[in-house]
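The values are calculated or read from the model by the stated rules, or taken from the named source; none is laboratory data. Everything numeric here is computed off the predicted structure, so don't read it as measured data. Virtual Cβ from ideal backbone geometry, glycine too; neighbours counted across all protein chains shown. Side chains included, ligands, DNA and RNA excluded: accessible areas come from the protein's heavy atoms. Shrake-Rupley method; radii C 1.70, N 1.55, O 1.52, S 1.80 Å.
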Amino acid sequence: MSTEAIQVDNDEKFNRLGFQDISKLLLEFSVPALIGLITQALYNIIDAIYVGHGVGEYGLAATTVVFPGMIVIAAIAVLIGYGGNSLAAIKLGEHKKSEAEKILANTIVLSVLFYLVAAVLVLAFLDPLLTFSGATSEVLPYAREFLSIIILFGIFDIFAFGLSNFIRTSGYPNTALATMVVGVGVNVILGYLFVIVFAWGMKGAAFATGCSWVVSTLYVFAFFLSKRSPLKLRRENFKLDVSTSLNILKLGVPMAFLQIGMALIVVVQNYLITTYGALDAEVGASGGLAAMSVLGRIGYLSIVPAVGIAQGAQPIFGFNYGARNYGRILETLKKAILAAFIIMFVFWLVIMVYPEVFVRLFGLEGRHIDYTAQSLRLYLLVVPIIAYQIIGANYFQSSGQALKATLLTLTRQIFFLIPLLFVAPLILPKFVPISALQSIYLAESISDFFSVALVAAFLVPEMRKLKRLAEQAQEEGVQA
């Protein structure tokens, strides 16, 4: 096949976002993203299982307190990766492929610059960061050993996670999936060898994770250097452009705030869990942190359907917004929300009925099992309706409405949840038969309920606007 024929075929891969059946596109783009995220979520669960059985309660607690440090890496990946991908999808919809290639190259350069600054800061203030995140004197050595290694591999996570979205937008969702699955497979195998077989403890878990990021990164760059990729890596595009960089960062801010908000929330949660856990003779501070490690991982797995479908819908939103196909945007929005809700409801129902089955996987023993199972129900109380919040906020980002997306993200992660974390332990035990410690877990569900209501206040008028624009476009087409 000639180079021209290959290029035409590759261009068709993303041009079809403007005319193919929406249900078919959502299925094609969301399923690989969903499988990839589930695979990653399962790895996080398996990783915690390895640590729980191979290291014990303190190791499991350490996986909770290192989270804010790891979020720094994730925040860079989404700030630049999601921002760049959202901008590139819009440019592709406008048939400006050369600009999309420039965005890809600038995304790579920005990723390196931001990582270097973040790595230096995290390593320079490692112990204070971990202590601030809730590490007790018993947990601190385990957390320090893990995070000091994992941060050195951070650039590979930024590349693997941030750039895989460009592969999906290029029209190759299965390849984007493969970049994640390959890395996760390496992680699971090496995690078992390093933590369980070789008994390297937290150091083994860190090296296993870092090596998996390296493998995923190699897979990502192999795609962009191949003939299949519609977006080419051109040397002249690696010169940092101020305007392009600012637009990338602007669109990435909402997702970055989501990550930073998560880190801030974990710091506050860990502080409160440590404080109230120390007053709970039955659970204790380390027991509360270990339970939070389980809740966080299962909680993430429960929202993966919405995140995966949102990722699958992102290039469809962006392309059609750039092409002004408002009817297709509205159809995508409705079908994405409905599909995510149905999947999440089924999974949520299983967790609510059999929470102990999930908890026992992590190696917790005795009193910790019943306590964590009950806390899990509180933590995931309103999970199904979060589909509306996640996909709604993602729509505003994908359509270039960064301010609205940022506001919706900040309200859920900061303005709602953080005050609730402080207030809930003081008020809820007076009205609900739960401890102050468990009130912290229930605060997450209350915050989610309010955040869904706020997204609805923005999204309902937006959907009416899309419907009106679609009708106007149809009328103009008929008149023409």
For this session: Run through every distinct alpha carbon pair of the range 274-385 and return the Kirkwood hydrodynamic radius in angstroms, one decimal place.
Result: 16.1
Exercise. What size of dipole, in debye to the nearest 20, comes out for the chain about its Cα centre when the only charges are +1 on Lys and Arg C-beta atoms and -1 on Asp and Glu C-beta atoms?
Worked result: 1000
Exercise. Among Met292, Ala205, Ile386, which residue has its Cα positioned farthest towards the positive end of the charge dipole of the chain, with +1 placed on the Cβ of Lys and Arg, -1 on the Cβ of Asp and Glu, and the dipole taken about the Cα centre?
Worked result: Ile386
Exercise. Which of the aspartates and glutamates could a cross-linker bridge to Lys239, judged by Cα under 19 Å and excluding same-chain residues fewer than eight apart?
Worked result: Glu99, Glu101
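Average the reciprocal distances over every distinct pair of alpha-carbons in the range 106-250, invert the result, and give the Kirkwood radius in Å.
It works out to 17.0 Å.
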For this session: Enumerate the residues in the range 292-312 having an amide nitrogen under 15 Å from the point lying 7 Å beyond the Cα of Leu361 toward its Cβ.
Result: 293-305
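Would you mind working out the magnitude of the charge dipole of the range 72-133 relative to its Cα centre, with +1 at each Lys and Arg C-beta and -1 at each Asp and Glu C-beta, to the nearest 20 Debye? Let's see the in-between values first.
Details: 4 positive and 4 negative charges, 45 e Å.
With only Lys, Arg, Asp and Glu charged at Cβ, the dipole is about 220 debye.
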Problem set entry | Additional length obtainable on full extension of the chain from Leu113 to Arg235, 0.36 nm per residue less Cα span | 42.2 nm
For this session: With the full set of protein chains in place, find how many percent of the accessible area of the chain is carbon and sulfur; take the probe as 1.4 Å.
Result: 68
For this session: Note the direction-averaged projected area, equal to a quarter of the hull surface, for the Cα convex hull of the chain, in nm².
Result: 22.9
For this session: Quickly work out the Asp21-to-Ile189 label distance, labels modelled 7 Å from Cα along the C-beta direction, and quote it in nm with one decimal.
Result: 3.8
Problem set entry | trypsin sites (Lys or Arg not before Pro) restricted to DSSP loop in the range 286-364 with at most 16 other C-beta within 10 Å | Arg324
Seminar exercise, completed: For the chain, the charge dipole (Cβ of Lys, Arg +1; Cβ of Asp, Glu -1; about the Cα centre) points to a positive end, and the Cα of Ile309, Gln401, Ile158 closest to that extreme belongs to Gln401
Exercise. Leu407: accessible area at probe 1.4 Å, nearest 10 Å²?
Worked result: 70
Exercise. Rounded to the nearest 10 Å², what accessible area does Tyr371 show when all protein chains are kept and the probe is 1.4 Å?
Worked result: 20
Exercise. Could you give the dipole magnitude of the range 171-239 about its Cα centre, charging the beta-carbon of Lys and Arg +1 and that of Asp and Glu -1, in debye to the nearest 20?
Worked result: 400
For this session: With a 1.4 Å probe and every protein chain left in place, work out the accessible area per residue of the chain in Å², rounded to a whole number.
Result: 40
Problem set entry | Point-to-point label distance, Gln472-Val120, nm (Cα→Cβ direction, 7 Å offset) | 5.0
Exercise. For Lys102, which aspartates and glutamates qualify as cross-link partners when the Cα separation must be under 19 Å and same-chain residues fewer than eight apart are set aside?
Worked result: Asp11, Glu94, Glu236, Asp241
Seminar exercise, completed: Here the gain from full extension of Leu349 to Ala453, 0.36 nm per residue of separation minus their alpha-carbon distance, amounts to 35.2 nm
Exercise. Hey, can you rank 189-202, 452-465, 281-294 by average C-beta count inside 10 Å, highest first?
Worked result: 281-294, 189-202, 452-465
For this session: Give Lys91/Lys334; Lys97/Lys232; Lys91/Lys465; Lys96/Lys335; Lys24/Lys91; Lys24/Lys335 a once-over and call out the pairs whose C-alpha atoms are over 20 Å from each other.
Result: Lys91/Lys334; Lys91/Lys465; Lys96/Lys335; Lys24/Lys91
For this session: Go through Gln472, Ile45, Gly81 and say which Cα lies farthest out towards the positive end of the charge dipole of the chain; charges sit on Cβ, +1 for Lys and Arg, -1 for Asp and Glu.
Result: Gln472
